[in-house]
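Engineer: Below is one structure. I have some questions about it.
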Ligand code: PNS
């Protein structure tokens, strides 16, 4: 296991990553990106390319939505990664992962990943408590509610509401016919 040397200094922590699937991005994610962007010089939102898991939105659609909904945050950049997060961070010279914690139920899973990443390369993880406004939100819950015609507009950006309605509206029309 390698760890950061003390003389790597503060500049080593000036770029952070927020990794995830973002299928689709929610207001909870956006809140974390915005808060992280005030703490670091640059925040890279890294979308996992997952060949074995088909989401509701394609990888390109997720990147496009993320690019549009973070356009007001000048130091947030959207990127893709495949394989290990630690390898992506090494290539991009990123030394810290910022993750939102919604509730204790997130902690068990997140702690294991954080410990594994630290063990693999010394990559640090900082947990940011989710704003209570968003603590019950998840991409899967949003998709489930939207699938059955529920209103998700308080929980995701307008662009995402429109994309969900276009995608799931199509699916509902096909099911009904
Ligand atoms: O939004 P998600 O699906 O909960 O995000 C999980 C993600 C992408 C952060 C995690 O699965 C990940 O980092 N995958 C990359 C592969 C990897 O590095 N695995 C070891 C992590 S301990």
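Engineer: Are any residues in the stretch 25-44 touching a residue at least 12 places away in the same chain (Cβ under 8 Å), assigned to a loop (DSSP other than H, G, I, E, B), away from the ligand (no atom under 11 Å from the Cβ) and over 17 Å from residue 85 (Cβ atoms), and if so, which ones? Before you say what the answer is, go through the steps one by one.
Structural biologist: Let us first name the residues in the stretch 25-44 that are touching a residue at least 12 places away in the same chain (Cβ under 8 Å), namely 25-37, 39-44.
Now restrict to residues that are assigned to a loop (DSSP other than H, G, I, E, B): 25-26, 39-41.
Checking which are away from the ligand (no atom under 11 Å from the Cβ) leaves us with 39-41.
Within the stretch 25-44, 39, 41 qualify.
Engineer: Looking at the stretch 45-85, which of the residues that are out of contact with any strand residue (DSSP E or B) (no Cβ under 7 Å at 6 or more places or on another chain) and farther than 30 Å from residue 147 by Cβ is nearest to the ligand (Cβ to nearest atom)? Before the answer, list the steps.
Structural biologist: So the first thing to find is which residues in the stretch 45-85 are out of contact with any strand residue (DSSP E or B) (no Cβ under 7 Å at 6 or more places or on another chain), and the list is 50-58, 60-61, 64-65, 68-69, 71-74, 82-84.
Then drop every residue that is not farther than 30 Å from residue 147 by Cβ, which leaves 74, 83-84.
Details: 74: 24, 83: 7, 84: 4 Å.
Ranking the qualifying residues of the stretch 45-85, first place goes to 84.
Engineer: Now a separate question. Considering 82, 61, which residue is closer than 19 Å to residue 23 by Cα and without any contact (Cβ under 8 Å) to a residue 60 or more places away in the chain? Even if it seems obvious, please write down each step before you answer.
Structural biologist: On the way: 61 fails: without any contact (Cβ under 8 Å) to a residue 60 or more places away in the chain.
Checking each option against the conditions leaves just 82.
Engineer: Additional query: Filter the stretch 127-153 for residues that are touching a residue at least 24 places away in the same chain (Cβ under 8 Å) and surrounded by 14 or more Cβ atoms within 10 Å (Cβ to Cβ) and give the result.
Structural biologist: If the condition is that a residue be touching a residue at least 24 places away in the same chain (Cβ under 8 Å) and surrounded by 14 or more Cβ atoms within 10 Å (Cβ to Cβ), then 127, 128, 130, 131, 134, 135, 137, 138, 139, 142, 143, 147 are the ones that fit.
Engineer: Within the stretch 86-118, track down each residue that is more than 17 Å from residue 29 (Cα to Cα) and within 9 Å of the ligand (Cβ to nearest atom).
Structural biologist: 86, 87, 88, 109, 112, 113, 114, 115, 116, 117
Where a number appears in this text, it was derived from the coordinates with a stated rule and is not lab data. The structure displayed is predicted, hence computed values, not measured ones. Backbone-built Cβ (ideal geometry, glycine too); neighbour counts: all protein chains shown.
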